[in-house]
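Q: To start, I am sharing the structure in question, which I have written as structure tokens.
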Amino acid sequence: MVTKTELFESPNVTLLDFLLWGWMKSRVHERKVDTRDELLACISDAAACIRERDSHINQKHRIIMHELQSAMSGGVFEQSF
């Protein structure tokens, strides 16, 4: 188990890690859970939500990069998102 001190001193932890952790923690604790299994289900749901959002963001990134490359090569830039 990693202590808070070790976590804050780690060179691998970024601000985005803390933001993601805070978002996930608030999502997990939106509802009261009574058992360990319910808590694990909430954690799994939050992780699935992150994966879905990541997939959506990656898709939009690909579209933007394609549009940008087209515009840089003399094409017309059209907003498609």
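The values are calculated or read from the model by the stated rules, or taken from the named source; none is laboratory data. Here the structure is a predicted model, which means the values were calculated and not measured. A quick note on method: Cβ atoms are made from the backbone with ideal geometry, for glycine too, and the neighbour counts reach across all protein chains shown.
Q: I'd like the full set of residues that are basic (K, R) and closer than 27 Å to V33 by Cβ, limited to segment 44-63.
A: R51, R53
Q: Another one. Under 6 Å between Cβ atoms, which residue pairs at least 6 apart in sequence (or on different chains) link something in segment 60-81 that is modelled with pLDDT under 80 with a partner that is part of a helix (DSSP H, G or I)?
A: F77/E67; F77/A71; S80/I63; F81/K60; F81/I63
Q: Filter segment 24-72 down to the residues that are of a type in the set (S, T, Y) and part of a helix (DSSP H, G or I), then identify the one that is surrounded by the most Cβ atoms within 10 Å (Cβ to Cβ).
A: Once the filter is applied, the top-ranked residue is S70.
Q: Taking only segment 6-23 into account, find how many residues are assigned to a loop (DSSP other than H, G, I, E, B) and aromatic (F, W, Y).
A: The qualifying residues number 0.
Q: Can I ask one more? Of the conditions (1) among the acidic types (D, E); (2) out of contact with any Cys (no Cβ under 9 Å at 6 or more places or on another chain); (3) modelled with pLDDT of 85 or more, E30 clears all except one; give me its number.
A: Only one criterion in (1) among the acidic types (D, E); (2) out of contact with any Cys (no Cβ under 9 Å at 6 or more places or on another chain); (3) modelled with pLDDT of 85 or more is unmet by E30, namely (2).
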